[in-house]
Every structure is written in structure tokens, then in C-alpha cells.
1. If you take the residues in the range 62-88 that are small (Gly, Ala, Ser) and within 14 Å of Tyr110 (Cβ to Cβ), which one is surrounded by the fewest Cβ atoms within 10 Å (Cβ to Cβ)?
2. Might you let me know whether the range 194-211 holds any residue that is surrounded by 13 or more Cβ atoms within 10 Å (Cβ to Cβ), among the polar types (S, T, N, Q) and either touching a residue at least 40 places away in the same chain (Cβ under 8 Å) or in the same structural domain as Arg71 (by TED's automatic domain parsing) (or both)?
3. Quick test for you: out of Val122, Val91, pick the one residue that is of a type outside the set (Phe, Trp, Tyr), part of a loop (DSSP other than H, G, I, E, B) and surrounded by fewer than 21 Cβ atoms within 10 Å (Cβ to Cβ).
4. Among (1) surrounded by 16 or more Cβ atoms within 10 Å (Cβ to Cβ); (2) under 18 Å from Tyr74 (Cβ atoms), which single condition is Glu181 missing?
5. What is the number of the single condition among (1) in a loop (DSSP other than H, G, I, E, B); (2) free of Cβ contacts under 8 Å to residues at least 60 places away in the same chain that Gly140 does not meet?
Amino acid sequence: MSRAGRAAGWVVALALCGVLALGVTRWTDIQFELGYAYENGDFHGWTPGFSQDYREASRWLSRAASANHPRAQYRLGILHAHGWGVPEDKVQAVAWFTRSARNGYAPACYHLGWMLHKGDGVPRNEGRAVQLLEQAAEQGMVAAHLALGRFYERGEGMPVDVAQAYKGYTLAVHFAQTRPEWFDNAAFAKRAQVAHDALALQLKPSSEAQGRTFARQWLAKFPL
């Protein structure tokens, strides 16, 4: 069967799964969904006809990413970072994460921030790393709040500030509990609680109270 025929077949399959009924009607969205399905070997738990194929995933994700689809750009960056279906290339990973981050996609902001912090495939830039992690945190991403808490606690890229660190861990716990379905937040729930409780044991009451105040003030500005 031709590629066009296979694509048409998958579009029908996706329609049967209810994807089109849910509003995923743009071709770039369908390209992303196909790429994501091949990357994972299933389509949101529906496996008939799908097997994990990173090369096929990269082909579909590349098409959507080139059309400025933020999630496709991020997933393509992941493939390049690990060498899944494409040559391992940190420079390409950074390039795709950067394009996705410019579109405001939180996981891309988070991963690019860590790469800038570590100098992984890109020159270290602590200031930009913090900006990107804050951008991800502003969307309720637990991993980003944890990272910022760690930076403040250890003085990585910024002066040590235990109240700000406690704020980060408090917000991480908050979003792990209230929005576990966002950005794999549930996977970081235990880590967030451990970091929060460990720092709480070391803090003076005044610093803990200040950290809680910072967290409340932050949440008051949160849009959702």
C-alpha cells in the first residue's frame, strides 16, 4: 500500500477512535497523533495496527513539527536527544526544544531549561535556564517547580533562598495533588513531598511561614 493509502487508512482509524469527533481535525494534528502513536506503540491505549516504530514516528512528527506544531516539535526533540529513529544529536534536540518553547509548550521549556543549566548540547546559560523553568512552572508543571526549588535551596544559578525553595516545593506538592494529570505531574508527587518535608525539617518557623506566603501569593496570580 502507498504511503498516501496508509495515511488515509490511519485517518479513518483515528476517526473511528473518536479523535476527529473531539476536534482534532487539522492535518498537522493528525500527523502528530500518528507520530505519537508510532513512538509509543499504541494510540491512547488502542493497539490494533500499531507497533512501536521510531523511524515512522520521526517521519510523521517531522511533518507536524515543520508546520509549527509545539507538541510534535517537543517529541521530535526527544527522539533526537535519545537517538530513537534518528541519529542522536543534541544540537537538533536543542533546536526543536527551542522552537517548541517559543510556542510556550511547558515540557519543552522544562527540558531546554535543564539542558541550558547543565550545558548539555548547548552552552550553559543559568539565567535563561531559570526563565524557561519559570515559564514551565507558570503552567502548573510539578517538575519545573521542583527544579526551581532545588536551585534556590542549593544556590544553583541564583543565591540560596530557603523561603523561595520552600515556595517551589510547596507549589510542586500542590499541583501534584490538584492537577496530577498535567505534564506527568503524578509521577513527581512522591519526589515533591519528600523534598518539601525534608526542607521543612530544616527551616526556621519564620522562613517556613515566608515560603508559604510566597506560595499563596503565586497561586493568587495563577490563571486556572
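1. Taking the candidates together, the pick is Ala81.
2. Yes, the range 194-211 has at least one match.
3. Val122
4. Checking Glu181 against (1) surrounded by 16 or more Cβ atoms within 10 Å (Cβ to Cβ); (2) under 18 Å from Tyr74 (Cβ atoms), the one that fails is (1).
5. (2)
The values are calculated or read from the model by the stated rules, or taken from the named source; none is laboratory data. Predicted model only: the values in this text are computed from it and were never measured. Please note: Cβ atoms are built from the backbone with ideal geometry, for glycine as well, and neighbour counts cover all protein chains shown.
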